[in-house]
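K.L.:
The structure is given below, and queries will be raised subsequently.
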Amino acid sequence: MSKIGKKNILIPKESSIKIEGPNLTITGPKGTKKLSINDKIFSSKLNESKFEIAPLQKKIDKKTSIMWGTYRSLINNAVTGVSRGHEKILELSGVGFRANLKGQTLNLQIGFSHDVNYEIPKDIKISVEKQTVIKIVGVDKELVSKIAADIKNLKPVEPYKAKGIKERGQFILRKEGKKK
């Protein structure tokens, strides 16, 4: 039995789930998200403010248990995304490191001889709060995390002076420099 799969998904008042066979349409104040579940293995039930996913078979094997928890997490992430949204905050640390928005392009000055331009997808909103703080907001958790990872990979944090792009709250293992 999947511990995560057994839990019900609470649906906020402003959000709703529509079931059309294997397809789920989740709508909320932030947007709409479409998901599909394997209806040969799982059945879904919608009560007033609770959504439940359960396997069709009585005997549950390991693969079904794993997929049960995975589908439940995906649906819960979609409900959270359309009701509150997902966000990641990146911080730039280093002398002269800064970020600017130019239309649908994020312009980064991160210690190279040239500026690095990153094209922002249409489903994601990026705002530069300070010149060194980038806020990424969107409905899809996977896409928000992918954009954050792509931006972080442009200039990974180095372990000696901790210069680079990191996520807020990320721990950097610092190394000691060479000794005389």
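The values are calculated or read from the model by the stated rules, or taken from the named source; none is laboratory data. Just so it is clear, the structure is predicted and the values come from calculations on it, not from any experiment. Here the Cβ is made from the backbone with ideal geometry for all residues, glycine too, and neighbour counts use every protein chain on show.
K.L.:
Within region 9-58, can you find the residues that are polar (S, T, N, Q) and more than 30 Å from residue 125 (Cα to Cα)?
P.N.:
Kept after step one, since they are polar (S, T, N, Q), are these residues of region 9-58: 15-16, 23, 25, 27, 32, 36, 38, 43-44, 47, 49, 57.
Hits for region 9-58 are 38, 43, 44, 47, 57.
K.L.:
Looking at region 98-113, is at least one residue exposed (fewer than 15 other Cβ atoms within 10 Å of the Cβ), at pLDDT 90 or above, under 23 Å from the mean Cα position of the chain (by Cα) and among the hydrophobic types (A, V, I, L, M, F, W, C)?
P.N.:
So far as region 98-113 goes, yes, one or more of its residues are exposed (fewer than 15 other Cβ atoms within 10 Å of the Cβ), at pLDDT 90 or above, under 23 Å from the mean Cα position of the chain (by Cα) and among the hydrophobic types (A, V, I, L, M, F, W, C).
K.L.:
Please indicate, with yes or no, whether at least one residue in region 76-88 is in contact (Cβ under 8 Å) with a residue 12 or more places away in the chain and farther than 30 Å from residue 127 by Cα. Walk me through it before giving the result.
P.N.:
Residues of region 76-88 that are in contact (Cβ under 8 Å) with a residue 12 or more places away in the chain, as a first pass: 76-88.
Next, only the ones that are farther than 30 Å from residue 127 by Cα stay: none.
No: region 76-88 contains no residue that is in contact (Cβ under 8 Å) with a residue 12 or more places away in the chain and farther than 30 Å from residue 127 by Cα.
K.L.:
Now for a different question. From the list 7, 18, 50, 34, which one is basic (Lys, Arg), within 22 Å of residue 140 (Cβ to Cβ) and in contact (Cβ under 8 Å) with a residue 40 or more places away in the chain?
P.N.:
Numbers: 18 fails: in contact (Cβ under 8 Å) with a residue 40 or more places away in the chain; 50 fails: within 22 Å of residue 140 (Cβ to Cβ); 34 fails: in contact (Cβ under 8 Å) with a residue 40 or more places away in the chain.
Residue meeting the stated conditions: 7.
K.L.:
Those residues that are under 19 Å from residue 100 (Cβ atoms) and either among the β-branched types (Val, Ile, Thr) or in contact with a strand residue (DSSP E or B) (Cβ under 7 Å, 6 or more places away or on another chain) (or both), I need them from region 127-149; list them, please. Outline the logic, then answer.
P.N.:
At the first step, the residues of region 127-149 found to be under 19 Å from residue 100 (Cβ atoms) are 127-137, 147-148.
Within region 127-149, 127, 128, 129, 131, 132, 133, 134, 135, 136, 137, 147, 148 qualify.
K.L.:
Can you tell me which residue is surrounded by the fewest Cβ atoms within 10 Å (Cβ to Cβ) among those in region 49-81 that are touching a Pro at 6+ places or on another chain (Cβ under 9 Å), over 16 Å from residue 18 (Cβ atoms) and of a type outside the set (Ser, Thr, Tyr)?
P.N.:
Among those residues, the one meeting the criterion is 67.
K.L.:
Report yes if residue 17 is within 16 Å of residue 76 (Cβ to Cβ) and touching a Phe, Trp or Tyr at 6+ places or on another chain (Cβ under 9 Å), otherwise no.
P.N.:
It is true that residue 17 is within 16 Å of residue 76 (Cβ to Cβ) and touching a Phe, Trp or Tyr at 6+ places or on another chain (Cβ under 9 Å).
K.L.:
Name the residues in region 5-48 that are at pLDDT below 85, surrounded by 13 or more Cβ atoms within 10 Å (Cβ to Cβ) and among the charged types (D, E, K, R), would you?
P.N.:
If the condition is that a residue be at pLDDT below 85, surrounded by 13 or more Cβ atoms within 10 Å (Cβ to Cβ) and among the charged types (D, E, K, R), then 6, 7, 39 are the ones that fit.
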